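One structure is given here, and the rest of the page talks about it.
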Amino acid sequence: LLNTQKGERLMQPSLGLNLKKYLFEPLDDNLIIAVENDILNTFEFWLPFVIVKDIQVKQGDDSDIGRNTLKISVSFTIRKNENYFETVSVTIGE
């Protein structure tokens, strides 16, 4: 879900997130909140059985290539089994 762009899936054009639109924006509190809200809203719609516990948004490293990447980590549990805890990490812009 995190790596899928909206419009990428046939017959489900609203599935996914457009996280690439944030790549060249300055990484500040407003951008982090916007990314978190996009993720939370998308998870709420497509994965209502998931409880998001934590979202971490970081900029890539200081190398020329890494500056235009976002590293996003989402920690979550499943509603029916809250003892299950998982973290998914993606890098956008590689």
Would segment 3-19 turn up any residue that is at positive phi, in contact with a helix residue (DSSP H, G or I) (Cβ under 9 Å, 6 or more places away or on another chain) and part of a loop (DSSP other than H, G, I, E, B)? yes
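In this structure, is Leu40 among the aliphatic types (A, V, I, L, M), at pLDDT 90 or above and either in contact with a helix residue (DSSP H, G or I) (Cβ under 7 Å, 6 or more places away or on another chain) or closer than 25 Å to Ser14 by Cβ (or both)?
Spelling it out, Leu40 is indeed among the aliphatic types (A, V, I, L, M), at pLDDT 90 or above and either in contact with a helix residue (DSSP H, G or I) (Cβ under 7 Å, 6 or more places away or on another chain) or closer than 25 Å to Ser14 by Cβ (or both).
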When Thr77 is run through (1) under 15 Å from the mean Cα position of the chain (by Cα); (2) among the polar types (S, T, N, Q); (3) not in a loop (DSSP other than H, G, I, E, B), the failure sits at (1)
Evaluate the following for Asn30: is it assigned to a helix (DSSP H, G or I), over 17 Å from Ile78 (Cβ atoms), open to solvent by less than 100 Å² (accessible area, probe 1.4 Å) and among the polar types (S, T, N, Q)? no
Any residue in segment 78-92 that is in contact (Cβ under 8 Å) with a residue 24 or more places away in the chain sitting within a Cβ distance under 9 Å of a residue that is among the acidic types (Asp, Glu) and surrounded by 11 or more Cβ atoms within 10 Å (Cβ to Cβ)? List the pairs, counting only those 6 or more apart or interchain. Ile78/Glu86
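The values are calculated or read from the model by the stated rules, or taken from the named source; none is laboratory data. Computed from a prediction, not measured in an experiment: that's the story for all the values here. Using ideal geometry, Cβ is built from the backbone for each residue, glycine included, and neighbour counts are taken over all protein chains shown. Quick note on the areas: whole protein, heavy atoms, side chains included, nothing else; ligands and nucleic acids left out. Shrake-Rupley method; radii C 1.70, N 1.55, O 1.52, S 1.80 Å.
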